[in-house]
Amino acid sequence: MKTIFVTGGAKRIGKAIIELFAKEQWKVIIHYNKSKSDAEDLASKINSNNDNSAFIVGGDLDNAEDVQSIISSVNSISETLDLLVNNASTFYPTPIEEISNDHWNRLIGSNLKGPLFLIQGFKEKLKNSEGSIINITDTNLTKGVANFSIYSAAKAGLESITKGLAKELAPEIKVNAIAPGAMLEPPDITWTENQKNKVIESIPLKKMGAEQDIAEAVYFLACANYITGQIIKIDGGRSLT
Ligand SMILES: NC(=O)c1ccc[n+]([C@@H]2O[C@H](COP(=O)([O-])OP(=O)(O)OC[C@H]3O[C@@H](n4cnc5c(N)ncnc54)[C@H](OP(=O)(O)O)[C@@H]3O)[C@@H](O)[C@H]2O)c1
């Protein structure tokens with residue numbers, strides 16, 4: 001049985017990735033930070049179909065000690081690891097005049113620093129299984145996004161790490177990124193119909209994406225033998241406009 005570890009796996013896109021891999025009979029390790037009960041519910045639902053196949057691990061990716069304890073917990077759950085998905089993310093605007101060290105640490109921690117140290121921690125395991133790393137970035141950042149300089153820098157850094165590590169960790173480990181477009185409204189924000197229509201209008205396929213579109217792309221990359229160092233845009237063509 002292959003094993004996948006997904007950060008921020010209790011909700012939304014991370015949850016969809018976990019559900020798809022569980023359906024495909026992988027052992028799933030669900031990471032959460034604040035959403036412990038969502039992670040527990042998801043694991044118990046999966047375990048009710050396939051006993052002892054889903055596990056949960058908590059920790060804050062902004063905190064270096066937590067990152068090391070996440071690595072230890074995953075190691076104690078599973079001797080092997082085939083796929084690490086760096087999906088967890090903090091996302092909020094930081095207009096230049098309001099930026100503080102705390103904003104920097106929070107946005108870099110979950111989107112860049114945490115993923116890098118998780119890769120370092122799981123490198124040997126992934127090497128032994130000839131596994132993969134998939135970093136989830138963002139299709140919008142290449143165009144420049146006003147008021148999101150730290151988030152954009154973090155995601156751009158993650159794309160850069162993806163390419164560098166694809167070379168450094170080859171030939172045993174494949175490293176790719178998936179850059180979603182407009183999939184879900186940001187957590188805790190509900191767009192007005194007008195805002196939503198404006199976003200949809202800017203997408204050639206004239207619809208928002210869904211969590212499953214990202215989960216399917218992750219599954220495709222997990223099964224692909226000859227792809228590394230790539231950033232795959234799943235955005236309905238939005239990056240072309
Ligand atoms: N949604 C979109 O349309 C969209 C568009 C472009 C890119 N993306 C990217 O796709 C990925 C998934 O998107 P999403 O909207 O499903 O993500 P999300 O709901 O914004 O966040 C996913 C999870 O990240 C975890 N997280 C946040 N800060 C953390 C921290 N400091 N330590 C540990 N975990 C932390 C949270 O876990 P807890 O709930 O357990 O705290 C959260 O549930 C993200 O990388 C995002 O940047 C999404």
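I need to check one value: relative contact order of the chain, counting alpha carbon pairs closer than 8 Å and at least 6 residues apart, in percent. If you can, show how the numbers build up before the last one.
Working: 445 pairs, mean separation 45.8, N = 241.
Relative contact order, the chain: 19 percent.
How high is the FRET efficiency between residue 47 and residue 202 when r is their beta carbon distance and R₀ equals 30 Å, given to the nearest 0.05?
Numbers: r = 41 Å, r/R0 = 1.38.
With R0 = 30 Å, the Cβ-Cβ based efficiency is 0.15.
Going toward the positive end of the dipole of the chain, with +1 on Lys and Arg Cβ and -1 on Asp and Glu Cβ, which of 234, 189, 50 do you reach last?
Farthest towards the positive end: 234.
Based on the alpha carbons, how large is the Rg to Rh ratio for region 75-206 when Rh follows Kirkwood?
Numbers: Rg = 16.9 Å, Rh = 16.3 Å.
Over the Cα atoms of region 75-206, Rg/Rh equals 1.03.
Please go through region 1-105 and write out the trypsin sites (Lys or Arg not before Pro) that DSSP classes as loop and that have at most 14 other C-beta atoms within 10 Å. Write down the numbers at each step before the final one.
Numbers: sites: 2, 11, 12, 15, 23, 27, 34, 36, 45; in loops: 2, 11, 34.
Taking region 1-105 and a limit of 14 other Cβ atoms within 10 Å, the loop trypsin sites (Lys or Arg not before Pro) found are 34.
Restricting attention to region 145-221, which GluC sites (Glu not before Pro) occupy a DSSP loop and are surrounded by at most 16 other Cβ atoms within 10 Å? Don't jump to the answer; show the numbers that get you there.
On the way: sites: 159, 168, 172, 193, 201, 211, 216; in loops: 172.
Counting only loop positions with at most 16 other Cβ atoms within 10 Å, the GluC sites (Glu not before Pro) in region 145-221 are 172.
Using the Karplus curve 6.51 cos²θ - 1.76 cosθ + 1.60 with θ = phi - 60°, what ³J(HN,Hα) values do you get for each residue of region 74-87, in whole Hz, with x for Gly and Pro?
Those phi angles translate into 4, 4, 6, 7, 9, 6, 10, 9, 9, 8, 10, 10, 7, 10 Hz.
Simple spin-label model, 7 Å along Cα-to-Cβ: residue 194 to residue 124 in nm?
5.8 nm
Taking 8 Å as the Cα distance limit and 6 or more residues as the minimum spacing, I'd like the relative contact order of region 3-116 as a percentage.
Numbers: 170 pairs, mean separation 32.6, N = 114.
Computed over region 3-116, the figure is 29 percent.
Past the 32 Å Cα-Cα mark, which pairs from 36/174; 174/198; 23/143; 123/198; 167/196; 125/206? Could you put the intermediate results ahead of the total?
Numbers: 36/174 30 Å; 174/198 37 Å; 23/143 36 Å; 123/198 42 Å; 167/196 39 Å; 125/206 42 Å.
The answer is 174/198; 23/143; 123/198; 167/196; 125/206.
Hey, got the dipole for region 3-240? About the Cα centre, +1 on K and R Cβ, -1 on D and E Cβ, debye to the nearest 20? Before the final figure, lay out each step's value.
Numbers: 24 positive and 29 negative charges, 111 e Å.
In total the dipole reaches around 540 debye.
Run the simple label-point estimate for residue 227 and residue 91 please: 7 Å along Cα→C-beta, distance reported in nm.
Once both label points are built, they end up 2.1 nm from each other.
Per q in 0.15, 0.17, 0.18 Å⁻¹, report the Debye log10 I(q)/I(0) for the chain, using one uniform scatterer on each alpha carbon and no solvent.
Here log10 of I(q) over I(0) equals -1.04, -1.34, -1.49.
Please report, in Å, the Rg and the Dmax of region 29-137, where both are computed over Cα atoms only.
Gyration radius and largest Cα-Cα distance of region 29-137: 15.3, 52 Å.
What value, in deg cm²/dmol to 500, does the helix sum -39500 (n - 2.57) over DSSP H runs of n ≥ 4 give at 222 nm once divided by the residues of the chain? Mind dumping the intermediate values first?
Details: 8 runs with 105 residues, N = 241.
Helix contribution divided over all residues of the chain: -14000 deg cm²/dmol.
Values in this text are rule-based calculations from the coordinates and carry no lab data. Bear in mind the structure is a predicted one, so any value in this text is a computation, not a measurement. All Cβ positions, even for glycine, are placed from backbone atoms using ideal geometry, and neighbour counts span all protein chains on display.
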